[in-house]
Amino acid sequence: MRTAYSVETVRAAERELMARLAEGALMQRAAAGLAAACADLLGRVYGSRVVLLVGSGDNGGDALYAGARLARRGAGVTAVLLVPERTHGAGLAALRRAGGTVAGSGAAEELILRADLVVDGIVGIGGKGGLRPEAVPLAEYAADSRAAVVAVDLPSGIEADTGEVRGTAVRADLTVTFGTHKPGLLIDPGREYAGSVRLVDIGLELPEEAELEALQHVDVVARLPVPGAESDKYRRGVVGIAAGSARYPGAAVLAVSGALRGGAGAVRYVGPAADAVISRFPETLVSDQGPARAGRVQAWVVGPGVGDDASAVAQVLGADVPVLVDADGLRLADRSAVRARTAPTLMTPHAGEAAALLGVSRESVEGARLASARELALRYGATVLLKGSTTLVADPGGGAVRVNPTGTAWLATAGSGDVLSGLTGSLLAAGLSALDAGSVGAYLHGLAGRFAADGAPLGAHDVAAAIPEAWRDVRDALR
């Protein structure tokens, strides 16, 4: 599992390690990893033109020492010093000994536009509030150039703990981060600025509980429900789907399509779209008695396309089984009823729905996704899966937030969320916790989207059809 830790935790681990090492040894470890990554990106180091953007912090020192290593291999390295009087002295001396040169910010534009590689060492992981005015032109020059841009630890201007961007920030092709991932590298909008991320192990000893977790194939396959020899459709779990309406029958069909591929043994549908569901999926169990009288289920999904059917939402929330609330159900769910539930509740809003529930703008949610997911989970006493460019899953009791590493922009299509709801509800019915069901469902859904799209537009039904391929791909990680 990939993990990310807060700045405070990283700083504490660095202090403990530096107390056991010779002075400067930790920075040399970081610089060696940074130089190696730069060399790999350049391909040919000898004769290449490298520009270091050097701020006053340790990131500037890392960049200078890495630049010295590249200069010794024949690169032409120039350091642009933003705050000359506060530049890391030993790093600057090392660069000069290796044949590197120094320039002021006035010469930066021409240097950057002619460079093969630009190294962003402007601000460290403690930076707040975007780039300072004097650094903004450097980021703009780098964006306009043809050079590859490598960020040291984190692109300058990104908030390390949240991924928020509160002004201009450097856009990197590669970020070389040290010791552990930082949350801002995994959460949009910061993730978009980071490019590819390369982790360099510098020997930090970190606590067991991280700030963020990102499942990998091996973590997902360990959580997938697999039937045993004694399994039948009821032992595998029955998921109830309360979705759809006369106006939106397709939402019911798509939620059922996801649920049928999510690992439960049976899908029970309740709602006015029974004919549409049965015509597409005859294996579905249907009922017109309402959720409270539909029969035994191990989990419910409620909300996709239900319109204003508050009764169905209230009945599902009154059930003593895990419940997933999505779409219209989020608007109709009474917060006190959600908080009063003793069985797990999983809410799956997109940014607009989360904004309405929190009473803020959509832009506020998209700019602070981590804080928004945590706040919503706390307010409702529910696990929250915040959908979007970075899907997050937060438990109400705190702990590590799960961030989903799969997906594609082509998943931004009508009905895709209905498929995700059905898939995730099926995992709930099969026995996964709300946190695991949400994060595994998002992972499989994102992977299915990649397979279905393959670089081209897709429909939600294509995503559902690709779920078995995603499941097999994850399972094969054990082979």
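The values are calculated or read from the model by the stated rules, or taken from the named source; none is laboratory data. Model, not experiment: these values are computed from the prediction. Virtual Cβ from ideal backbone geometry, glycine too; neighbours counted across all protein chains shown. We work out accessible area using only protein heavy atoms, side chains counted, and drop any ligands, DNA or RNA first. Shrake-Rupley method; radii C 1.70, N 1.55, O 1.52, S 1.80 Å.
Show me the strands (runs of 3 or more DSSP E) entirely contained within segment 49-158 in which 2 or more residues are closer than 21 Å to Ala194 by Cα.
Working: elements: 49-54, 76-81, 101-103, 117-121, 148-152.
Filter on segment 49-158 gives 49-54, 117-121, 148-152.
So in segment 15-30, with the set limited to residues that are without any contact (Cβ under 8 Å) to a residue 60 or more places away in the chain and part of a helix (DSSP H, G or I), which one is most open to solvent (accessible area, probe 1.4 Å)? Spell out how you get there, then give the answer.
Here is the first cut: in segment 15-30, the ones without any contact (Cβ under 8 Å) to a residue 60 or more places away in the chain are 15, 18-23, 25, 28.
Adding the requirement that they be part of a helix (DSSP H, G or I) leaves 15, 18, 25, 28.
Values: Arg15: 145, Met18: 101, Ala25: 31, Gln28: 62 Å².
Only one residue fits best here, namely Arg15.
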Scan of segment 249-292 for residues that are surrounded by fewer than 18 Cβ atoms within 10 Å (Cβ to Cβ), modelled with pLDDT under 95 and not in a helix (DSSP H, G or I), ordered by number | Ser287, Asp288, Gln289, Gly290
Can you name the condition, by its number, that Gln28 falls short on among (1) farther than 20 Å from Asp173 by Cα; (2) under 28 Å from the mean Cα position of the chain (by Cα)?
-> (2)
Starting from segment 247-271, keep only residues that are within 16 Å of Gly459 (Cβ to Cβ), then list their pairs with residues that are part of a loop (DSSP other than H, G, I, E, B) and polar (S, T, N, Q) whose Cβ atoms are within a distance under 7 Å, requiring at least 6 positions of separation or different chains.
-> Val256/Thr284
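Please tell me if Gly33 is farther than 27 Å from Glu209 by Cα and open to solvent by 10 Å² or more (accessible area, probe 1.4 Å). Break it down into steps so the answer makes sense when it comes.
Working: farther than 27 Å from Glu209 by Cα: no; open to solvent by 10 Å² or more (accessible area, probe 1.4 Å): yes.
Considered against the rule, which asks whether it is farther than 27 Å from Glu209 by Cα and open to solvent by 10 Å² or more (accessible area, probe 1.4 Å), Gly33 comes out as no.
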Among the numbered criteria (1) open to solvent by less than 30 Å² (accessible area, probe 1.4 Å); (2) assigned to a loop (DSSP other than H, G, I, E, B); (3) of a type in the set (A, V, I, L, M, F, W, C), which single criterion is violated by Ala456?
-> (1)
Being open to solvent by 10 Å² or more (accessible area, probe 1.4 Å) and either over 24 Å from Ala107 (Cα atoms) or at pLDDT 95 or above (or both) narrows it down to one of Val165, Val149, so name that one.
-> Val165
Kindly establish whether Arg171 is surrounded by fewer than 24 Cβ atoms within 10 Å (Cβ to Cβ) and in contact with a helix residue (DSSP H, G or I) (Cβ under 6 Å, 6 or more places away or on another chain).
-> yes
Determine whether segment 259-279 contains at least one residue that is within 25 Å of Pro227 (Cβ to Cβ) and more than 34 Å from the chain's Cα centre (by Cα).
-> yes
Select, from Val218, Val239, the only residue that is buried (at least 21 other Cβ atoms within 10 Å of the Cβ) and not in a loop (DSSP other than H, G, I, E, B).
-> Val239
Counted residues in segment 43-86 being open to solvent by less than 50 Å² (accessible area, probe 1.4 Å), on the phi < 0 side of the Ramachandran plot and not polar (S, T, N, Q) come to 27
Does any residue of segment 398-412 turn out to be within 21 Å of Asp328 (Cβ to Cβ) and either under 16 Å from the mean Cα position of the chain (by Cα) or assigned to a loop (DSSP other than H, G, I, E, B) (or both)?
-> yes
Considering only residues of segment 293-306 that are open to solvent by less than 20 Å² (accessible area, probe 1.4 Å) and of a type in the set (Gly, Ala, Ser), which is farthest from the chain's Cα centre (by Cα)?
-> Ala294
May I ask you to list the residues in segment 110-139 that are modelled with pLDDT of 95 or more, of a type outside the set (A, V, I, L, M, F, W, C) and crowded, with 16+ Cβ neighbours inside 10 Å?
-> Asp116, Asp120, Gly121
Considering each residue of segment 185-215, count those that are open to solvent by less than 20 Å² (accessible area, probe 1.4 Å) and either without any contact (Cβ under 8 Å) to a residue 40 or more places away in the chain or of a type in the set (S, T, N, Q) (or both), and give that number.
-> 1
Sort out which residues of segment 321-358 are in contact with a Ser or Thr (Cβ under 8 Å, 6 or more places away or on another chain), open to solvent by 10 Å² or more (accessible area, probe 1.4 Å) and over 17 Å from Ala310 (Cβ atoms), and write them in order of number.
-> Pro322, Pro344, Leu358
Which one is farthest from Pro322 (Cα to Cα), of the residues in segment 405-429 that are among the aliphatic types (A, V, I, L, M) and crowded, with 24+ Cβ neighbours inside 10 Å?
-> Leu411
